[in-house]
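**Q** The following block contains the structure, expressed as structure tokens.
No lab work stands behind these numbers, since they all come straight from the coordinates. Being a predicted model, the structure only gives us computed values, none of them experimental. With ideal geometry, Cβ positions are generated from the backbone for all residues, glycine too; neighbour counts draw on all protein chains shown.
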Amino acid sequence: MNERQLAYFKAKLLAWKDSILKESAGTLQQLQIDSLREPDLTDRASSETDWSIELRTRDRQRKLISKIDAALRRIEDGEYGYCEVTGEPISLGRLEARPIATMTVEAQERHERNEKVSRED
């Protein structure tokens, strides 16, 4: 992968991380403003369900940020864009679709098949 491509993916990863952090800040701000003390039990249950879903989404995004940070470290270390299993280059199309990818499509499919077999045992 050339320097221009690495710079492109670094910028893409940083923008993605920034977007997630801004959304998280908005959620925190909204939690401080909104009150979950709805007078009606049905309204309160609905609000609590909405916030529960929102907080689960934020937790998934928190985990995603650690994957983004790992991808940024791989860029700095010169390992970005190479499969961690086979050492082969990951296609640019795959990296465009999933910039945090650590495996080629083939290696990922093998990994998922092995994982499925392990769960069935």
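**Q** How large is the helix-only mean residue ellipticity at 222 nm for the chain, computed as the sum of -39500 (n - 2.57) over DSSP H runs with n ≥ 4, divided by its residue count, in deg cm²/dmol to the nearest 500?
**A** -26000 deg cm²/dmol
**Q** Report the local net charge at Met103: Lys and Arg +1, Asp and Glu -1, summed over other residues whose C-beta lies under 13 Å from its C-beta.
**A** Local charge sum for Met103: -1.
**Q** Angle between the Cα long axis of helix 3-33 and the longest principal axis of the chain, 0 to 90 degrees, nearest 10?
**A** Approximately 10 degrees, to the nearest ten.
**Q** Could you work out the pair-distance distribution P(r) of region 78-121 from its alpha-carbon pairs, with 10 angstrom bin width and percents rounded to whole numbers?
**A** 31, 45, 20, 4
**Q** Using just the alpha carbons, could you tell me how many Å³ per residue the convex hull of region 45-103 encloses?
**A** Cα convex hull per residue, to the nearest whole number: 84 Å³.
**Q** With everything on Cα atoms, drop me the angle between helix 41-77 and the longest principal axis of the chain, reported from 0 to 90° to the nearest 10.
**A** 20
**Q** More than 18 Å apart: what percent of Cα pairs in the chain qualify?
**A** Summing the P(r) tail past 18 Å for the chain gives 64 percent.
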